[in-house]
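The values are calculated or read from the model by the stated rules, or taken from the named source; none is laboratory data. What you see is a predicted model, and the numbers here were worked out from it, not measured in a lab. No Cβ is skipped: glycine too gets one built from the backbone with ideal geometry, and neighbour counts run over all protein chains shown. Side chains are part of the model used for accessible areas, which takes the heavy atoms of the whole protein and leaves out ligands, DNA and RNA. Shrake-Rupley method; radii C 1.70, N 1.55, O 1.52, S 1.80 Å.
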Amino acid sequence: MVSRRAGRFGLEALACMLAALVVIPFVMICINSVKGVREAALFSLSLPTEWVFANYSEVFQSAHIARGFFNSFLISALVVMSVNLCASMAAFVIQRRNDKLLRAVYYLFIMGLIVPASIIPTIKLMMDLHIHNTYLGIVLYYTSVLLPFSVFLLTGFMKSVPRELDESAVLDGCGFFRMYTAIVLPLLVSVLVTVTIVVMMSVWNDFFGPFYLITDSTKWTIILSIYSFVTQYNTNWGLVFAFMMMVIAPVLVIYLLLQRFIIEGLTAGSLKG
């Protein structure tokens, strides 16, 4: 009994330490975003002697933050719709037909989880297709990168959907596409919410994709806007931290509101095979 309590205490202590690794940097950014130039440069966790909320208004005036937010929301929304549609249809066909060809296709998707994307051939291919430095190109890039995880998650959930539903639909004269849209797709809502959150956070926080594939500053995402803002205002870390808080806030709010769906979606289908 004592050893069990000691083990549980050790796990809780380890969890607290891991949580501190995430929470402490966020608290530091939050506190330093309302400090003056000298105090913010110290990167301390102490409260400011003078609260400088004007940093936020100055960021709005100095940075193209509205354009960055628009680009990030547009690209994230298009990628979410593309990934959800393609992954749900692929998972439905792969799991329901389950022949050798589709099993091979599924294993190719699994390989996509392991093999990293090569950026130089991607740029060359986009240039040949004349989609480099375009919204279409970056959306297709993110779709291809995030599709393997989504197919893997949805295929695992599809195993828990009874095949008797398909048989009943066929007896009622339901076609394959109608079966997918009217019966299967509504059952995937909880997992699709998980896919949506994971995809959106991946696109929103990614730096290297837009950095290499978008050279037009008018199409830069909010993460690239931070990069250009830091190089311009690296002597005033109060402004930099205020900009970071504005970027973190939307994703943080969405994650806190929908974290229950993330856990449900990741564990869905794990009890039935």
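Structure notes:
- Between the Cα long axis of helix 222-232 and the first principal axis of the chain there is an angle of about 20°, rounded to the nearest 10.
- With a 1.4 Å probe rolled over the protein heavy atoms of all chains, the accessible area of S46, S88 falls in the order S46, S88, largest first.
- Segment T181-F53, length gained on full extension (0.36 nm per residue, minus Cα span): 41.1 nm
- Set of aspartates and glutamates near K124 by C-alpha distance (under 20 Å), chain-local residues within fewer than 8 positions excluded: D216
- Against the criterion of solvent-accessible heavy-atom surface with a 1.4 angstrom probe, S82, S168 sort, most first, into S168, S82.
- In terms of its alpha-carbon gyration tensor, segment 66-118 comes out oblate; a/c meets the 1.5 threshold, while b/c is at least as large as a/b.
- On the basis of the beta-carbon distance and an R0 of 51 Å, K100 and S44 show a calculated FRET efficiency of 0.25.
- Once the Cα atoms are used to define both axes, helix 2-32 deviates from the longest principal axis of the chain by about 60 degrees.
- Anisotropy class of segment 181-256 from Cα gyration tensor, a/c 1.5 cut: oblate
- Computed over protein heavy atoms with a 1.4 angstrom probe, the accessible surface ordering of T122, T181, largest first, is T181, T122.
- The chain: angle of helix 189-205 to the longest principal axis, Cα-based, in degrees nearest 10: 40
- Where the chain is the region considered: accessible area per residue in Å², 1.4 Å probe: 58
- Segment 1-157: C-alpha gyration tensor shape, a/c 1.5 cut-off, then a/b vs b/c: oblate
- Stretch gain in nm, segment C30-D172, where the contour uses 0.36 nm per residue and the Cα spacing is subtracted: 45.3 nm
- Label zone of F152 (point 7 Å out along Cα→Cβ, amide N under 16 Å): in segment 195-230 this covers 195-196, 198-199, 202.
- In the elastic network of the chain, a GNM with C-alpha springs shorter than 10 Å, the most mobile of L113, L18, L42 is L18.
- Values of log10 I(q)/I(0), in the order q = 0.13, 0.19 Å⁻¹, for segment 1-90 under a Debye, Cα-only, solvent-free model: -0.79, -0.93
- Gyration tensor over alpha-carbon atoms, the chain, equivalent ellipsoid semi-axes in Å: 40, 27, 16
- Packing-based order for 198-205, 23-30, using average beta carbon neighbours within 10 Å, highest first: 198-205, 23-30
- Equivalent-ellipsoid semi-axes of segment 127-212, from the Cα gyration tensor, Å, largest first: 34, 16, 9
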